[in-house]
Amino acid sequence: MKRIFFVVFTLSLFFAALAFAQDEAKLLEEAASLIEAGKIAEAQSILEDVRLALWNRAPMVCPVYCFVEGEPESFGVYRKRISSTFVAGETMYVYAEPKNYTILKEGDIYHVFLTVSYAVYDKDGNYLGGEDPWENFRYLIQNPVFEFFLSLSFDFTIDPGEYVLEIKVKDRLSDKETSFRLPFKRI
């Protein structure tokens, strides 16, 4: 009985995804027709709806992450740190750009809710410590925001050596998550 339920459930998800993809394709065709008719603003509005739908369906990733010199000013405005070696007592700054987090529309408001956790490992992969969750980023916004960045800072009391900092980003409005690792040295 469980197997039959699983097969039926899986098929229903497949057909729902197929129908959704067909709806997106129809919207793209409509946008193309509007462009040909010179109705650019109307086409743009449809394309923005398609972008949001695809954004919410795609897996969350973090294509940009690095150690930076000081706190970033805004999205894309940061100075990448050349070295990943830090002296004792030096603050480690991390910049990251998560992508495809859920943007949930509720009435006239959009919601974004991410949590960030971290873990530190020695050069042999042994877990040394961390926090889960460590930070919460919850926003109520008037329009979808596709340019979101994380500005994180760490002040570890840690012996000299080689380590790895792992950052995990979880989307609290879905089951999406992503992570990245930054090797560093403490002297």
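The values are calculated or read from the model by the stated rules, or taken from the named source; none is laboratory data. Treat the numbers as computed from the prediction; the structure is a model and nothing was measured. Reconstructed Cβ throughout: ideal geometry from the backbone, glycine too, with neighbour counts over all protein chains shown. Each accessible area value is taken on the protein alone, full model and side chains, heavy atoms only, with ligands, DNA and RNA left out. Shrake-Rupley method; radii C 1.70, N 1.55, O 1.52, S 1.80 Å.
For this structure, a couple of remarks:
- Segment 45-144 - percent relative contact order, Cα under 8 Å, separation 6 or more: 24
- For segment 32-124, trypsin sites (Lys or Arg not before Pro) meeting the loop criterion (DSSP other than H, G, I, E, B) and having at most 15 other Cβ atoms within 10 Å: LYS39, ARG79, LYS123.
- For the chain, averaging the sequence separation of C-alpha pairs within contact (under 8 Å, six or more residues apart) and dividing by the residue count gives a relative contact order of 21 percent.
- Label-point separation, SER151 to GLU90 (7 Å along Cα→Cβ), nm: 2.1
- For the chain, built as a Gaussian network whose Cα springs stay under 10 Å, the top-fluctuating residue of VAL169, VAL50, VAL77: VAL77
- Degrees between helix 2-36 axis and first principal axis of the chain (Cα, 0 to 90, nearest 10): 70
- Calculated [θ] (222 nm, deg cm²/dmol) that DSSP helices of n ≥ 4 give over the chain, each run adding -39,500 (n - 2.57): -10000 deg cm²/dmol
- Near the amide H of LYS176, within less than 5 Å, lie the amide hydrogens of ASP171, all on another chain or at least 5 residues away, with H placed in the peptide plane.
- One chain, two ends: GLU135 and LEU104. Fully extended at 0.36 nm per residue, the span grows by 9.2 nm beyond their Cα-Cα distance.
- The angle between the Cα long axis of helix 40-57 and the main principal axis of the chain comes to about 60°, on a 0 to 90 degree scale.
- A Förster radius of 41 Å combined with the Cβ-Cβ distance from ILE187 to VAL77 puts the calculated FRET efficiency at roughly 0.90.
- Among THR157, THR102, THR115: highest mean-square fluctuation, GNM of the chain, C-alpha pairs under 10 Å: THR157
- Of the chymotrypsin sites (Phe, Trp or Tyr not before Pro) in segment 36-97, those whose Cβ has at most 15 other Cβ within 10 Å and which sit in DSSP loop: PHE75
- Taking GluC sites (Glu not before Pro) in DSSP loop states with no more than 15 other Cβ atoms inside 10 Å as exposed sites, the chain has its longest site-free stretch at 1-68.
- Solvent-accessible area per residue, Å², over segment 45-151 with all protein chains present [probe radius 1.4 Å]: 58
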